[in-house]
Amino acid sequence: MTKTPAWTISKPTALLVLADGTVIEGQGCGAEGIAEAEICFNTAITGYQEILTDPSYAGQIVTFTFPHIGNIGANPEDMETLDAEVKSGVVGAVFKANITDPSNYRSVSHLNEWLKSRNIISLCGIDTRALTSLIRESGLANAVIAHNKDGNFDIPALKAQAASWHGLEGLDLAKEVTTSTTITWDDTSWEWDEGYGKRNEDAFHVVAIDFGIKRNILRLLADLGCRVTIVPASSSADEVLAHKPDGIFLSNGPGDPAATGKYAVAAIQGLLATDIPIFGICLGHQMLALALGAKTLKMHQGHHGANHPVKDYTTGKVEIVSMNHGFAVDGKSLPEGVEETHVSLFDGTNCGLAVTGRPVFSVQHHPEASPGPQDSHYLFKRFVNLMRERKGEEALAES
């Protein structure tokens, strides 16, 4: 009887094929199939379910640098898509180790089964450090991820598909993840052993333009007594103003801001003609910048993770923040009357702006994601204070 050598490598059942022809072999998990997308890496240690359901990751494959993913399983609470049934977010995921069995009292399902239910094609068993180094050195890459349980692949065809994919530049993905109807939100933040609560105060009415909004942004607004009306990304200024908002929020989202700006910039410019406070996050920050006359650019490797140091020039403090963007506002293009308020201490890129003398500001990072864990929550109070000031009310303490 012939013994199988201990060093024998299993037949690969998943491939990651880069646009330059690089083929990375691994074991498949999650959904079977083929998807083309941009591949990036995320350095967060926790929060994998939130990352995998963040609409800002639409059109991307996420490589997790933390080696063990799956140990808390999956549950219906840790979702960031507005509609839990809509499978927006990443198209693929890459892990170093096999998916860990769940060991957490909040787990409802094994991550592998959850990935299948979300149609997320995944690959494990590769050196994610090497892949991360490759992305860092060569930049964000167009790629194809493929999972076939029998290990049957047409590699030349996959290489051609990866090489021919157009990439994210020029791609408007906000229209793919935005709500199609107007929605009202009133859930508040999660509390230990109690779950999510309900807003019991109606101090202000915020209209949120949904370019791919995350649930925790909405919860933090509701915590501060805001009734939030969510409208589609394509909403005009008149449609937003018809809701009589006290404040306007421009949400995060995926894709090329210049592409989304073809229809959204005019609406934001119409809103800027009023004195209503405006707050933007991530893509919303980029859309606001474009509406003010600045420019955006594609980044080399992007910023994806929960350990990014950002300095707030308005307070002089350094915050540890969560980031997820592959495009950025060109800080040198900010017009007169628009000041840079935040900057990345990793590479000096723009991370915030404010309009001089106006109740308008935005940030590139995600203050709702709690990596600090609450270093940046003051920004939501800052927004509420602008609405309070407009009503002649006393400001809240930001700290």
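Taking first residues from region 102-131 that are at positive phi and partners that are small (G, A, S), the Cβ contacts under 8 Å between residues at least 6 apart in sequence or on separate chains come to N119/A31; N119/G33; G125/G26; G125/A97.
Scanning region 80-95 for residues that are more than 12 Å from the chain's Cα centre (by Cα), of a type outside the set (V, I, T) and either more than 24 Å from I34 (Cβ to Cβ) or surrounded by fewer than 21 Cβ atoms within 10 Å (Cβ to Cβ) (or both) turns up L82, D83, A84, E85, K87. Of all positions in region 50-73, none carries a residue that is surrounded by fewer than 21 Cβ atoms within 10 Å (Cβ to Cβ), touching a strand residue (DSSP E or B) at 6+ places or on another chain (Cβ under 9 Å), in contact (Cβ under 8 Å) with a residue 40 or more places away in the chain and not hydroxyl-bearing (S, T, Y).
Which members of region 74-89 meet the condition of being of a type outside the set (A, V, I, L, M) and in contact (Cβ under 8 Å) with a residue 12 or more places away in the chain? Break it down stepwise before answering.
As a first pass, look at region 74-89 and keep what is of a type outside the set (A, V, I, L, M): 75-78, 80-81, 83, 85, 87-89.
Hits for region 74-89 are N75, P76, E77, D78, E80, T81, D83, K87, S88, G89.
Taken over region 25-71, residues that are of a type in the set (S, T, Y) and more than 16 Å from the chain's Cα centre (by Cα) amount to 1.
Return yes when A141 is under 23 Å from the mean Cα position of the chain (by Cα), within 30 Å of S235 (Cβ to Cβ) and surrounded by 13 or more Cβ atoms within 10 Å (Cβ to Cβ) and no when it is not. Spelling it out, it is not the case that A141 is under 23 Å from the mean Cα position of the chain (by Cα), within 30 Å of S235 (Cβ to Cβ) and surrounded by 13 or more Cβ atoms within 10 Å (Cβ to Cβ). Would you point out which residue out of D150, D127 is surrounded by fewer than 17 Cβ atoms within 10 Å (Cβ to Cβ), out of contact with any helix residue (DSSP H, G or I) (no Cβ under 8 Å at 6 or more places or on another chain), in the same structural domain as D54 (by TED's automatic domain parsing) and closer than 22 Å to E38 by Cα? It is D127. Scanning region 362-399 for residues that are of a type outside the set (A, V, I, L, M, F, W, C) and under 23 Å from Y48 (Cα atoms) yields a total of 13. Residues in region 168-220 that are small (G, A, S) and either over 19 Å from E239 (Cβ atoms) or in contact with a strand residue (DSSP E or B) (Cβ under 9 Å, 6 or more places away or on another chain) (or both): G170, A174, S180, S189, G195, G197, A203, A208. When T53 is tested against (1) assigned by TED's automatic domain parsing to the domain that holds I121; (2) modelled with pLDDT under 95; (3) among the hydroxyl-bearing types (S, T, Y), just one condition goes unmet, and that condition is (2).
Pick from region 96-115 the residues that are among the aliphatic types (A, V, I, L, M) and surrounded by fewer than 21 Cβ atoms within 10 Å (Cβ to Cβ): which of them is nearest to G26 (Cα to Cα)? The qualifying residue nearest to G26 (Cα to Cα) is A97. Selection over region 144-167 of residues that are of a type in the set (F, W, Y) and within 30 Å of P232 (Cβ to Cβ) gives a count of 1. Scanning for something more than 27 Å from T178 (Cβ to Cβ) and either among the hydrophobic types (A, V, I, L, M, F, W, C) or not assigned by TED's automatic domain parsing to the domain that holds G151 (or both), does region 78-90 turn up at least one residue? No: zero hits. Of the residues making up region 179-212, those that are of a type outside the set (V, I, T) and not in a strand (DSSP E or B) are S180, D186, W192, D193, E194, R199, N200, E201, D202, A203, F211, G212. The residue of region 319-343 that is modelled with the highest pLDDT, among those that are surrounded by fewer than 18 Cβ atoms within 10 Å (Cβ to Cβ) and under 20 Å from the mean Cα position of the chain (by Cα), is D330.
Evaluate the following for F346: is it in a loop (DSSP other than H, G, I, E, B), of a type outside the set (V, I, T) and at pLDDT 95 or above? Yes: the conditions hold for F346.
Limited to region 189-219, what total is found for residues that are of a type in the set (S, T, Y) and closer than 16 Å to Q374 by Cα?
Summing the residues that are of a type in the set (S, T, Y) and closer than 16 Å to Q374 by Cα in region 189-219 gives 1.
Based on this model, can you work out whether T46 counts as within 22 Å of M323 (Cα to Cα), outside any helix (DSSP H, G or I) and at pLDDT 95 or above? In short, no.
Scan G270, G280, G305, G316 and give me the residue that is in contact (Cβ under 8 Å) with a residue 12 or more places away in the chain and either farther than 26 Å from L345 by Cα or surrounded by fewer than 19 Cβ atoms within 10 Å (Cβ to Cβ) (or both). Only one candidate qualifies: G270.
The values are calculated or read from the model by the stated rules, or taken from the named source; none is laboratory data. Quick caveat: nothing in here was measured; it's all calculated off a predicted structure. So basically every Cβ, Gly included, is an ideal-geometry build from the backbone, and we count neighbours across all protein chains shown.
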